[in-house]
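The structure appears right after this line, and notes come after that.
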Amino acid sequence: QPAKCGACGPGYASPLDAMKGKYCPREEVVYLPCIYRNTGIEKPDYLATVDVNPKSPRYCQVIHRLPMPNLKDELHHSGWNACSSCFGDATKRRNRLILPSLISSRIYVVDVGTDFQAPRIHKIVEPVELFWKGNVANPHTSHCLGSGDILISCLGDPSGSGKGGFILLDGETFEVKGNWENGGKVPPLGYDFWYQPRHNVLMSTEWGVPKVLANGFNPDDIERGHYGCRINVWDWSTHTYIQAIDLGKGSIPLEIRFLHNPDAAEGFVGCALSGTVHRFYKTEKGVWAAEKVIEVPRKKVQGWLLPDMPGLITDILISLDDRFLYFSNWLHGDIRQYDISDTRKPKLVGQVFLGGSITKGGPVTVVEDKELQSQPEPFVIKGKRVPGGPQMIQLSLDGKRLYVTSSLYSGWDKQFYPDLIKEGSVMLQIDVDTEKGGLKVNKNFLVDFGKEPDGPALAHEIRYPGGDCTSDIWI
């Protein structure tokens, strides 16, 4: 159970306290949404609790499953009712996990405070609440606010068209309060977001039009403008949309992360399709700008959907000391670690391949590669050849263990990695060298969601009961 610190609220006083402080025990369990939509298994999605304590007899086992009461929700990302943004408020507790459903637009509020090893459903917000009170749908990222409310970004409107709006939940009752944004101006698309009150800003990103991406990826939809290319800048105090930063057509900027230091006026965003990471920053004039600082070259291939295969950067995160940036290339199959001591010149210091689409002996032949001499070997752990590629990542608070799962989103898993649907996803753990940089797979750690009681499941995002570097924001 996360340690308490006397008369303060949830989380930690600062990112460095979270990383090095005495209130920072090693993670013992993690929560992961497990998805059955698009797998052919007619069962509800569920929240899995996995034991990650090496001293436990149940190490690497799913110790609890909480099924949702509905089918085909597509659980995806999760957030907290309270985090380090409420640290000064002793009345707040981090005891509810917020689980928005990407496709059904339901939001589940899960009680993880009563028994952190056996979560239970506390409340269900039905889709009609989002439709009526906010004219939004397809909720994605959830962050708690210092005010006690919960802010959730959305991908679309109730008809399935794109719309980058937000919904506010009351942090006590979990009632839908309405939209966060003010004024008529809203971006055409939505996805992830992060906020930074000391610079009076919220940044959001864009994936695509929900009804277009729901059942798979068609490259022609890029040309039709159905996929995103902007960082959208919002005024934090007035909740108004003030600026768009264009990162290039078809770039698809997904996860966005400010540096953890609450004074920092910069961060990074990973662009899936262009395979680039952009640094965004506040200029001397007080407006925001972005520059490309990392590019993963496409590989020329045969036997695949397109002649050029992008890395497909799907998740990125920053260590709590703002020293390292990590991201996953879901298609190429690698996870990378960059030293970002100089934020303008990230330096590659670690890389590990965990499957992907270009492994030897598969259907894809690489005909030209600017980075690798040969196609990587298939990834095998504990005798299991792992299908899919590395996708969601989560770092331990001390920065030494990186956890990774392999499912992106059931509709795209089915298209790009049919074996993933048949065999289920996995969770792996990578040991990190936090001195010089370097990544090494922990060969003793495998959670195989192909062996679940109701059949292979697609496990997605990873959360710790005590918070982590992709959920907690310091203000």
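Full extension from K185 to K55: what is 0.36 nm times the residue separation minus their Cα-Cα distance, to one decimal in nm? Don't jump to the answer; show the numbers that get you there.
On the way: separation 130, 0.36 × 130 = 46.80 nm, distance 5.30 nm.
Extra length available between K185 and K55 comes to 41.5 nm.
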For the chain, what is the calculated [θ] at 222 nm in deg cm²/dmol (nearest 500), taking -39500 (n - 2.57) for each run of four or more DSSP H residues and dividing by its residue count? -1500 deg cm²/dmol
Restricting to lysines and to Cα separations under 17 Å from K300, and discarding same-chain partners fewer than 8 apart, the set is K360, K370
Correct choice for Rg and Dmax of the Cα atoms in Å that was computed from the model, options (1) 22.7, 83; (2) 20.4, 61; (3) 34.8, 127: (2)
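Tell me the trypsin sites (Lys or Arg not before Pro) within region 307-411 that lie in a loop according to DSSP and have at most 16 other beta-carbon atoms within 10 Å. Show your work: numbers first, answer last.
On the way: sites: R323, R336, R344, K347, K360, K370, K382, K384, R385, K400, R401; in loops: R323, R344, K360, K370, K382, K400.
In loop regions of region 307-411 (DSSP not H, G, I, E or B), the sparsely surrounded trypsin sites (Lys or Arg not before Pro) are R323, R344, K360, K370, K382, K400.
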Quick one: which residues, 5+ away or cross-chain, put their amide H under 5 Å from the amide H of E266? H built at 1.01 Å from N. L259
Lysine pairs meeting the criterion (Cα under 28 Å, 8 or more apart or interchain), as found in region 386-475: 12
For region 31-37, 3J(HN,Hα) per residue [Karplus equation, 6.51 cos²θ - 1.76 cosθ + 1.60, θ = phi - 60°, Hz, x = Gly/Pro]: 10, 9, x, 10, 10, 10, 4
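What is the Cα convex hull volume of region 263-321 when expressed per residue in Å³?
Residue-normalised Cα hull volume stands at 99 Å³.
Could you tell me which GluC sites (Glu not before Pro) in region 253-338 are loop residues by DSSP with no more than 13 other beta carbons within 10 angstrom of their beta carbon?
Details: sites: E255, E266, E284, E291, E295; in loops: E284.
Qualifying residues, ordered by number: E284.
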So if we plug the beta-carbon distance of I121 and K211 into 1/(1 + (r/R0)^6) with R0 = 30 Å, what FRET efficiency do we get, rounded to 0.05? 0.60
Quick one: what does P(r) look like for region 172-222 with 10 Å bins over all Cα pairs, in whole %? 17, 36, 33, 13, 1
Per 10 Å bin, what percent of the C-alpha pairs of region 300-370 does each bin hold, from zero upward? 19, 43, 26, 12, 0
Amide H of T314: which non-local residues (sequence gap of 5 or more, or other chain) have their own amide H closer than 5 Å, using H built in the peptide plane? S328, W330
Chain lengthening between K360 and D339 when straightened (0.36 nm per residue, less Cα-Cα): 4.6 nm
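Over region 15-459, with the other protein chains present, what is the accessible area per residue in square angstrom, probe 1.4 angstrom?
Numbers: 16210 Å² over 445 residues.
Each residue of region 15-459 exposes 36 Å² on average to a 1.4 Å probe.
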Under the rule of at least 5 residues apart or a separate chain, name every residue whose amide H is placed under 5 Å from the amide H of V293. V277, H278, R279
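At a 1.4 Å probe radius, carbon and sulfur cover how many percent of the accessible area of the chain? Can you show the working numbers first?
On the way: 8400 of 17120 Å².
Looking at the chain in its full context, I get 49 percent from C and S.
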Just to confirm the filter: which trypsin sites (Lys or Arg not before Pro) across region 76-107 are DSSP coil and have at most 11 other Cβ within 10 angstrom of their Cβ? none
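The values are calculated or read from the model by the stated rules, or taken from the named source; none is laboratory data. Just so you know, these numbers come straight off a predicted model, no measurement behind them. Ideal geometry is used to build each Cβ from the backbone, glycine not excepted, and the neighbour counts take in all protein chains shown. Accessible surface is based on the protein model in full, side chains and every heavy atom, while ligands, DNA and RNA are left aside. Shrake-Rupley method; radii C 1.70, N 1.55, O 1.52, S 1.80 Å.
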